[in-house]
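The values are calculated or read from the model by the stated rules, or taken from the named source; none is laboratory data. Since we're looking at a predicted model, the values are computed, not measured. Here the Cβ positions follow ideal geometry from the backbone for every residue, glycine too, while neighbour counts run over all protein chains shown.
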Amino acid sequence: FLDPSRPAAPAVALTIAGSDSGGGAGIQADLKTFAALGVYGCSALTALTAQNTLGVQSVHSVPSTFVTAQLDSVLCDFSVRAIKTGMLADSATLRAVVTALARCADTPLIVDPVMVATSGDRLLDRDAEATLREELLPRTDLLTPNLMEAAALLNEPLASDPAGLWRQAERLLALGTKAVLLKGGHGSGPLAQDLLLGPDFSEVFSRPRIDTRNSHGSGCTLSAAITAYLASGLSLTDSVRAAKDYVHRALVSAAHWRLGRGSGPLNH
Ligand code: PLP
């Protein structure tokens, strides 16, 4: 019972994100990932979505004052080791998050710049893209955009080749984030390639592309897994590598599932 080799408590991670009633993405994916990786998860909800595997039917935003209240409750009580953001809905919510996070400036912050669901539904107001770029990115330790989100943040067309990908990653770094993981999973070809770029390091991660329609929540899961591994004490590069493996396993083992009639979830 009093085994000194056992840690007194698990590491704590915090997700600031939206709810997916279908359970595949958002807060639900984040908390499942944290639990699967042995990390204790706290959460602050920014929005509720009425959602299933076919798409988002409705969005109900949480007032930004209540986002602040949730963050104050968690941050004044728990020793949070890593934080991620997902769906941030609008500018008022974004600003509430930036203000609340000022009290834990040394805690690693992973920002998944969720803008539009795969189904095409908007999860961040268009006018909030500038707020994300100007107010959240300077406080970000790792930004995890897919190709579309990178292009939107830079007001540029989609990168179409590896050189274009590097250029966009460099421009995202110039916006103030300390590192960027540009995810090529939405591209084409037999390999899914992601580029991790920091001020003095880079790494390309390649995995065979998995042929499945069950990829709903894969972006949320990747950023949550990175957050969990960082909270557990791994370095950034090791966290990204381990998180890529986690998502790969979660995609492969749910590839044959029939949960819902659309793009189904991963297996955590
Ligand atoms: N719904 C919520 C609440 C999310 O946070 C996200 C994720 O990023 C999505 C939906 C989008 O999921 P996907 O694009 O993987 O279908």
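Among the residues of segment 32-43 satisfying the criterion of being farther than 24 Å from residue 99 by Cβ and surrounded by fewer than 21 Cβ atoms within 10 Å (Cβ to Cβ), which is farthest from the ligand (Cβ to nearest atom)?
Pass one, segment 32-43, residues farther than 24 Å from residue 99 by Cβ: 32-40.
Checking the rest, the ones that are also surrounded by fewer than 21 Cβ atoms within 10 Å (Cβ to Cβ) come to 35-36, 38, 40.
Values: 35: 17, 36: 17, 38: 23, 40: 21 Å.
Checked segment 32-43; the qualifying residue farthest from the ligand (Cβ to nearest atom) is 38.
The set of residues from segment 99-148 being touching a Gly at 6+ places or on another chain (Cβ under 8 Å) and small (Gly, Ala, Ser) comprises 117, 119, 120. On the basis of being more than 18 Å from the chain's Cα centre (by Cα), outside any loop (DSSP other than H, G, I, E, B) and either within 16 Å of the ligand (Cβ to nearest atom) or closer than 14 Å to residue 14 by Cβ (or both), does residue 69 make the cut? Taking the combined requirement at face value, the residue does not satisfy it.
Scanning segment 208-243 for residues that are outside any helix (DSSP H, G or I) and within 18 Å of residue 180 (Cβ to Cβ) gives a single hit, 235. Within segment 193-221, residues that are away from the ligand (no atom under 16 Å from the Cβ) reach partners that are assigned to a loop (DSSP other than H, G, I, E, B) and at pLDDT 90 or above with beta carbons closer than 9 Å, at six or more positions or on different chains, in the pairs 196/179; 197/179; 198/178; 198/179; 199/178; 199/179; 201/179; 211/255. Residue 93 meets the conditions (1) of a type outside the set (A, V, I, L, M); (2) within 12 Å of the ligand (Cβ to nearest atom); (3) surrounded by 16 or more Cβ atoms within 10 Å (Cβ to Cβ) in every case but one. The failed one is (2).
Yes/no per residue for (1) part of a helix (DSSP H, G or I); (2) within 18 Å of residue 176 (Cβ to Cβ); (3) of a type in the set (D, E, K, R):
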| residue | (1), (2), (3) |
| --- | --- |
| 94 | yes, yes, no |
| 98 | yes, yes, no |
| 102 | yes, yes, no |
| 118 | no, no, no |
| 135 | yes, yes, yes |
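Residue check: is residue 78 within 28 Å of residue 173 (Cα to Cα), hydrophobic (A, V, I, L, M, F, W, C) and either in contact (Cβ under 8 Å) with a residue 60 or more places away in the chain or assigned to a helix (DSSP H, G or I) (or both)?
It is false that residue 78 is within 28 Å of residue 173 (Cα to Cα), hydrophobic (A, V, I, L, M, F, W, C) and either in contact (Cβ under 8 Å) with a residue 60 or more places away in the chain or assigned to a helix (DSSP H, G or I) (or both).
If you go through segment 195-207 and pick out every residue that is assigned to a loop (DSSP other than H, G, I, E, B) and surrounded by fewer than 17 Cβ atoms within 10 Å (Cβ to Cβ), you end up with 3.
Looking at segment 46-60 only, could you name the residues that are buried (at least 19 other Cβ atoms within 10 Å of the Cβ) and either away from the ligand (no atom under 11 Å from the Cβ) or assigned to a strand (DSSP E or B) (or both)?
Hits for segment 46-60 are 46, 47, 49, 51, 52, 56.
Restricting attention to segment 1-31, the residues being closer than 24 Å to residue 244 by Cβ and away from the ligand (no atom under 13 Å from the Cβ) number 5.
Which of the residues that make up segment 155-194 are at pLDDT 95 or above and assigned to a helix (DSSP H, G or I)? Selection gives 167, 168, 169, 170, 171, 172, 173, 174. Residues in segment 15-60 that are touching a Leu at 6+ places or on another chain (Cβ under 8 Å) and under 18 Å from residue 80 (Cα atoms): 15, 16, 17, 27, 41, 42, 43, 44. Annotation note: Cβ proximity below 9 Å between a residue of segment 244-268 that is without any contact (Cβ under 8 Å) to a residue 24 or more places away in the chain and a residue that is among the small types (Gly, Ala, Ser) (sequence gap 6+ or interchain) occurs for 245/225; 258/264; 267/250; 267/253; 267/254; 267/255.
Would you check if residue 198 is at positive phi and at pLDDT 95 or above?
Against the criterion (at positive phi and at pLDDT 95 or above), residue 198 does not qualify.
Checking the stated criteria, residue 249 turns out not to satisfy the condition of being in a strand (DSSP E or B), surrounded by fewer than 20 Cβ atoms within 10 Å (Cβ to Cβ) and away from the ligand (no atom under 16 Å from the Cβ).
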